[in-house]
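A short write-up of the structure that comes next.
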Amino acid sequence: VNEIAGRLPATVSGAATILMTGHLAARLLGRRVAVPAGLVLATTYSWWLWSRTAAMDTMNVAFATAAIAIYVESIRGFRPWHAFAFATLIGVGSQAKGVPALILPCAVGFVDAVLNRRKDILRAWAWLAAAVPIATALFSLSLLIAAAHGNFRAAWYDFYRENIQRVFDPYDHK
(Lines give C-alpha, C1' and ligand atoms only; values in the text may rest on other atoms or scores of the structure.)
Protein backbone atom coordinates (compact mmCIF):
# COMPACT_ATOMS: atom_id res chain seq x y z
CA VAL A 1 0.00 0.00 0.00
CA ASN A 2 1.32 3.40 -0.94
CA GLU A 3 -0.04 6.92 -1.33
CA ILE A 4 -1.18 6.42 -4.92
CA ALA A 5 -3.03 3.20 -4.08
CA GLY A 6 -4.72 4.94 -1.16
CA ARG A 7 -5.81 8.00 -3.13
CA LEU A 8 -6.67 6.39 -6.48
CA PRO A 9 -10.16 5.06 -5.58
CA ALA A 10 -11.27 8.50 -4.33
CA THR A 11 -9.81 10.24 -7.38
CA VAL A 12 -11.42 7.86 -9.87
CA SER A 13 -14.71 8.09 -7.96
CA GLY A 14 -14.54 11.88 -7.97
CA ALA A 15 -13.94 12.01 -11.73
CA ALA A 16 -16.66 9.42 -12.39
CA THR A 17 -19.15 11.41 -10.32
CA ILE A 18 -18.38 14.56 -12.32
CA LEU A 19 -19.04 12.65 -15.57
CA MET A 20 -22.23 11.09 -14.18
CA THR A 21 -23.42 14.53 -13.02
CA GLY A 22 -23.04 15.77 -16.58
CA HIS A 23 -24.83 12.69 -17.88
CA LEU A 24 -27.72 13.17 -15.45
CA ALA A 25 -27.98 16.86 -16.33
CA ALA A 26 -28.10 15.98 -20.04
CA ARG A 27 -30.81 13.37 -19.50
CA LEU A 28 -32.95 15.50 -17.22
CA LEU A 29 -32.36 19.06 -18.44
CA GLY A 30 -30.77 18.83 -21.88
CA ARG A 31 -27.25 18.87 -23.29
CA ARG A 32 -26.74 22.60 -22.79
CA VAL A 33 -26.80 22.06 -19.03
CA ALA A 34 -24.51 19.01 -18.94
CA VAL A 35 -21.11 20.68 -19.22
CA PRO A 36 -21.87 23.51 -16.76
CA ALA A 37 -23.25 20.96 -14.26
CA GLY A 38 -20.06 18.92 -14.45
CA LEU A 39 -17.90 22.04 -14.22
CA VAL A 40 -19.75 23.30 -11.15
CA LEU A 41 -19.07 20.04 -9.33
CA ALA A 42 -15.48 19.80 -10.63
CA THR A 43 -14.63 23.30 -9.43
CA THR A 44 -16.24 22.96 -6.02
CA TYR A 45 -13.41 23.22 -3.50
CA SER A 46 -14.64 20.55 -1.12
CA TRP A 47 -15.24 18.08 -3.98
CA TRP A 48 -11.75 18.71 -5.31
CA LEU A 49 -10.33 18.32 -1.81
CA TRP A 50 -12.15 15.07 -0.97
CA SER A 51 -11.38 13.58 -4.38
CA ARG A 52 -7.68 13.84 -3.57
CA THR A 53 -7.74 12.20 -0.14
CA ALA A 54 -7.70 8.54 0.79
CA ALA A 55 -11.26 8.79 2.17
CA MET A 56 -14.09 6.68 0.80
CA ASP A 57 -16.68 9.46 0.85
CA THR A 58 -16.34 10.16 -2.87
CA MET A 59 -16.70 6.45 -3.63
CA ASN A 60 -19.96 6.37 -1.69
CA VAL A 61 -21.21 9.41 -3.63
CA ALA A 62 -20.11 7.85 -6.94
CA PHE A 63 -22.07 4.65 -6.31
CA ALA A 64 -25.15 6.59 -5.18
CA THR A 65 -24.92 8.83 -8.26
CA ALA A 66 -24.51 5.80 -10.52
CA ALA A 67 -27.59 4.17 -8.98
CA ILE A 68 -29.59 7.35 -9.51
CA ALA A 69 -28.32 7.45 -13.12
CA ILE A 70 -29.62 3.89 -13.62
CA TYR A 71 -32.96 4.99 -12.19
CA VAL A 72 -33.09 7.94 -14.59
CA GLU A 73 -32.35 5.57 -17.48
CA SER A 74 -35.20 3.34 -16.32
CA ILE A 75 -37.57 6.31 -16.55
CA ARG A 76 -36.86 6.48 -20.28
CA GLY A 77 -37.75 2.80 -20.64
CA PHE A 78 -37.52 0.16 -17.93
CA ARG A 79 -35.45 -2.95 -18.64
CA PRO A 80 -35.09 -5.81 -16.14
CA TRP A 81 -31.32 -5.32 -15.95
CA HIS A 82 -31.92 -1.83 -14.52
CA ALA A 83 -33.22 -3.34 -11.29
CA PHE A 84 -30.19 -5.63 -10.92
CA ALA A 85 -27.71 -2.87 -11.79
CA PHE A 86 -29.41 -0.56 -9.29
CA ALA A 87 -29.27 -3.24 -6.57
CA THR A 88 -25.63 -4.01 -7.29
CA LEU A 89 -24.63 -0.35 -7.18
CA ILE A 90 -26.36 0.36 -3.88
CA GLY A 91 -25.02 -2.87 -2.36
CA VAL A 92 -21.41 -2.23 -3.36
CA GLY A 93 -21.71 1.47 -2.60
CA SER A 94 -22.86 0.72 0.92
CA GLN A 95 -19.65 -1.24 1.44
CA ALA A 96 -17.61 1.83 0.52
CA LYS A 97 -18.80 4.07 3.34
CA GLY A 98 -22.11 2.91 4.72
CA VAL A 99 -25.83 3.40 4.43
CA PRO A 100 -26.08 6.68 2.44
CA ALA A 101 -25.34 4.85 -0.84
CA LEU A 102 -28.27 2.60 0.00
CA ILE A 103 -30.79 5.08 1.37
CA LEU A 104 -30.34 8.05 -0.98
CA PRO A 105 -30.91 6.31 -4.35
CA CYS A 106 -33.82 4.28 -2.96
CA ALA A 107 -35.44 7.40 -1.53
CA VAL A 108 -34.95 9.36 -4.77
CA GLY A 109 -36.38 6.52 -6.85
CA PHE A 110 -39.32 5.85 -4.56
CA VAL A 111 -40.35 9.48 -4.17
CA ASP A 112 -40.00 10.18 -7.90
CA ALA A 113 -41.88 7.01 -8.91
CA VAL A 114 -44.77 7.79 -6.55
CA LEU A 115 -45.02 11.57 -7.07
CA ASN A 116 -44.66 11.38 -10.85
CA ARG A 117 -46.69 8.19 -11.17
CA ARG A 118 -44.02 6.30 -13.07
CA LYS A 119 -46.28 3.42 -14.04
CA ASP A 120 -43.58 1.40 -15.84
CA ILE A 121 -41.36 1.44 -12.78
CA LEU A 122 -44.19 0.83 -10.33
CA ARG A 123 -45.33 -2.14 -12.45
CA ALA A 124 -41.81 -3.56 -12.36
CA TRP A 125 -42.11 -4.41 -8.65
CA ALA A 126 -41.41 -8.09 -9.36
CA TRP A 127 -38.04 -7.25 -10.95
CA LEU A 128 -37.25 -4.89 -8.12
CA ALA A 129 -38.18 -7.54 -5.55
CA ALA A 130 -35.97 -10.07 -7.37
CA ALA A 131 -33.04 -7.64 -7.12
CA VAL A 132 -33.42 -7.05 -3.37
CA PRO A 133 -31.46 -10.22 -2.38
CA ILE A 134 -28.50 -8.99 -4.44
CA ALA A 135 -28.44 -5.64 -2.66
CA THR A 136 -28.94 -7.33 0.71
CA ALA A 137 -26.13 -9.83 0.11
CA LEU A 138 -23.70 -7.14 -1.05
CA PHE A 139 -24.68 -4.84 1.81
CA SER A 140 -24.18 -7.68 4.32
CA LEU A 141 -20.93 -8.93 2.81
CA SER A 142 -18.60 -7.44 5.44
CA LEU A 143 -20.83 -8.71 8.24
CA LEU A 144 -20.87 -12.20 6.73
CA ILE A 145 -17.09 -12.22 6.35
CA ALA A 146 -16.72 -11.07 9.97
CA ALA A 147 -19.11 -13.82 11.08
CA ALA A 148 -17.04 -16.40 9.22
CA HIS A 149 -13.99 -15.27 11.19
CA GLY A 150 -15.79 -15.22 14.54
CA ASN A 151 -16.10 -11.41 14.79
CA PHE A 152 -19.82 -11.13 14.11
CA ARG A 153 -20.69 -9.20 17.29
CA ALA A 154 -17.85 -6.72 16.78
CA ALA A 155 -18.89 -6.20 13.16
CA TRP A 156 -22.48 -5.43 14.17
CA TYR A 157 -21.28 -3.02 16.84
CA ASP A 158 -19.08 -1.24 14.27
CA PHE A 159 -22.04 -1.11 11.87
CA TYR A 160 -24.24 0.38 14.61
CA ARG A 161 -21.58 2.86 15.70
CA GLU A 162 -20.77 4.08 12.18
CA ASN A 163 -24.30 4.20 10.75
CA ILE A 164 -26.69 4.85 13.62
CA GLN A 165 -24.80 6.33 16.57
CA ARG A 166 -23.07 8.95 14.42
CA VAL A 167 -26.44 10.30 13.30
CA PHE A 168 -27.20 11.30 16.89
CA ASP A 169 -23.66 11.85 18.15
CA PRO A 170 -21.48 12.88 15.20
CA TYR A 171 -18.51 13.82 17.36
CA ASP A 172 -18.02 10.43 18.97
CA HIS A 173 -14.41 10.33 17.71
CA LYS A 174 -13.26 12.91 20.30
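Would you work out which of 14, 139, 30 lies farthest towards the positive end of the dipole of the chain, given +1 charges on the beta-carbon of Lys and Arg and -1 on that of Asp and Glu, about the Cα centre?
After comparing all options, I get 30.
Can you work out the Karplus-derived ³J(HN,Hα) for every residue in the range 92-109? Use 6.51 cos²θ - 1.76 cosθ + 1.60 with θ = phi - 60°, whole Hz, and x for glycine or proline.
5, x, 5, 6, 5, 8, x, 5, x, 5, 8, 6, 4, x, 5, 5, 4, x
Suppose the Debye formula is applied to equal point scatterers at every Cα of the chain; what is log10 I(q)/I(0) at q = 0.08, 0.12, 0.17, 0.19 Å⁻¹?
-0.29, -0.65, -1.18, -1.32
Identify, among 129, 115, 83, the residue whose Cα sits farthest towards the positive end of the charge dipole of the chain, taking +1 on the Cβ of Lys and Arg and -1 on the Cβ of Asp and Glu, with the dipole about the Cα centre.
After comparing all options, I get 115.
Under the Karplus relation 6.51 cos²θ - 1.76 cosθ + 1.60, θ = phi - 60°, what is the ordered set of whole-Hz ³J(HN,Hα) values for the range 25-40, x standing for Gly and Pro?
Calculated HN-Hα couplings, in order: 4, 5, 5, 8, 10, x, 5, 4, 8, 4, 5, x, 4, x, 5, 4 Hz.
Given the -39500 (n - 2.57) contribution per DSSP H run of 4+ residues, what per-residue ellipticity at 222 nm results for the chain, rounded to the nearest 500 deg cm²/dmol? Walk me through the numbers before you get to the answer.
Details: 10 runs with 136 residues, N = 174.
So the calculated ellipticity at 222 nm is -25000 deg cm²/dmol.
Using a 1.4 Å probe over the heavy atoms of the protein chains, calculate the carbon and sulfur portion of the accessible area of the chain as a whole percent.
C and S fraction of accessible area: 68 percent.
The values are calculated or read from the model by the stated rules, or taken from the named source; none is laboratory data. Fair warning: this is a prediction, and the values are worked out from it, not measured in the lab. Using ideal geometry, Cβ is built from the backbone for each residue, glycine included, and neighbour counts are taken over all protein chains shown. When the accessible area is computed, the model is the full protein with side chains, heavy atoms only, and any ligands, DNA or RNA have been set aside. Shrake-Rupley method; radii C 1.70, N 1.55, O 1.52, S 1.80 Å.
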